[in-house]
Amino acid sequence: RLTQIILLIRALPEVRTSRISLERFSKLFLMPRKFFSSLKYGLLKSPKVGVFLGGNSSERLISLKSGRAVFGALQRAGYSAVLLDPCRRARVRRLLKQIDIAFIALHGRGGEDGKIQRFLESQKIPYVGSPPHASRQAFDKAIAKRVFLKQGIPTPAYCLISASNWRQKLRRFPEAPP
């Protein structure tokens, strides 16, 4: 997330102070060019950032903390930002049309699994971060392991444990010494 914050803060002054190409803007924010078909994004003077935080996952509290930290950093750097908590749907619907780009500080289900990314793409709102399919793959640790192995990326051995096989799988591990 820190890398995303740095990328966002580094990119915004360029957007704020000059006319940049749509191609450059889309690369800065890791978004497909299709989201920047409007010249509006190439001519922004001060983009309004919607910081998504909270949500209803078990990681809500840490998400609120991270989102507020991002929001504070953006404000201290002089950028216009607004907090958007998916649990406050009416507020999100009302403010969604006012933001130029989203920063996702949601954790757990709904934030890291590709759902919010799919939603933002359906609304044609650019965001900082990975696309839905990459988020979904990274969120599912078994899929992520298979992707890493397929790409030749070294990863420690693993085994998948489920509610139906945990006793059998646990027998494979030696007892810890006393």
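The values are calculated or read from the model by the stated rules, or taken from the named source; none is laboratory data. This is a predicted model, so every value here is computed, not measured. Using ideal geometry, Cβ is built from the backbone for each residue, glycine included, and neighbour counts are taken over all protein chains shown. For accessibility, only protein heavy atoms count, side chains too; no ligands or nucleic acids. Shrake-Rupley method; radii C 1.70, N 1.55, O 1.52, S 1.80 Å.
The residues of segment 134-178 that are under 23 Å from Gly110 (Cα atoms), in a loop (DSSP other than H, G, I, E, B) and among the polar types (S, T, N, Q) amount to a single one, Ser162. All of Arg76, Arg60, Arg109 fail the test of being in contact with a Ser or Thr (Cβ under 7 Å, 6 or more places away or on another chain), open to solvent by 50 Å² or more (accessible area, probe 1.4 Å) and at pLDDT 50 or above, apart from Arg109.
Note on segment 65-78: residues that are touching a residue at least 24 places away in the same chain (Cβ under 8 Å) and assigned to a loop (DSSP other than H, G, I, E, B) amount to 1. Scanning segment 142-164 for residues that are basic (Lys, Arg) and loosely packed, with under 12 Cβ neighbours inside 10 Å gives a single hit, Lys150. Scanning for something free of Cβ contacts under 8 Å to residues at least 60 places away in the same chain and over 16 Å from the mean Cα position of the chain (by Cα), does segment 114-124 turn up at least one residue? No, every residue in segment 114-124 fails to be free of Cβ contacts under 8 Å to residues at least 60 places away in the same chain and over 16 Å from the mean Cα position of the chain (by Cα). Has segment 124-134 got at least one residue that is open to solvent by 20 Å² or more (accessible area, probe 1.4 Å) and touching a Gly at 6+ places or on another chain (Cβ under 7 Å)? Within segment 124-134, one or more residues are open to solvent by 20 Å² or more (accessible area, probe 1.4 Å) and touching a Gly at 6+ places or on another chain (Cβ under 7 Å).
Inspect all residues belonging to segment 165-173 and state whether any of them is surrounded by 10 or more Cβ atoms within 10 Å (Cβ to Cβ) and closer than 29 Å to Gly55 by Cα. No, that holds for no residue.
In this structure, Asp100 does satisfy being closer than 25 Å to Ser66 by Cβ and touching a Lys or Arg at 6+ places or on another chain (Cβ under 7 Å). The requirement of being of a type in the set (Ser, Thr, Tyr) and within 15 Å of Lys48 (Cα to Cα) is fulfilled nowhere in segment 109-124; no residue meets it. Summed over segment 79-106, residues that are in contact (Cβ under 8 Å) with a residue 40 or more places away in the chain and surrounded by fewer than 16 Cβ atoms within 10 Å (Cβ to Cβ) total 2.
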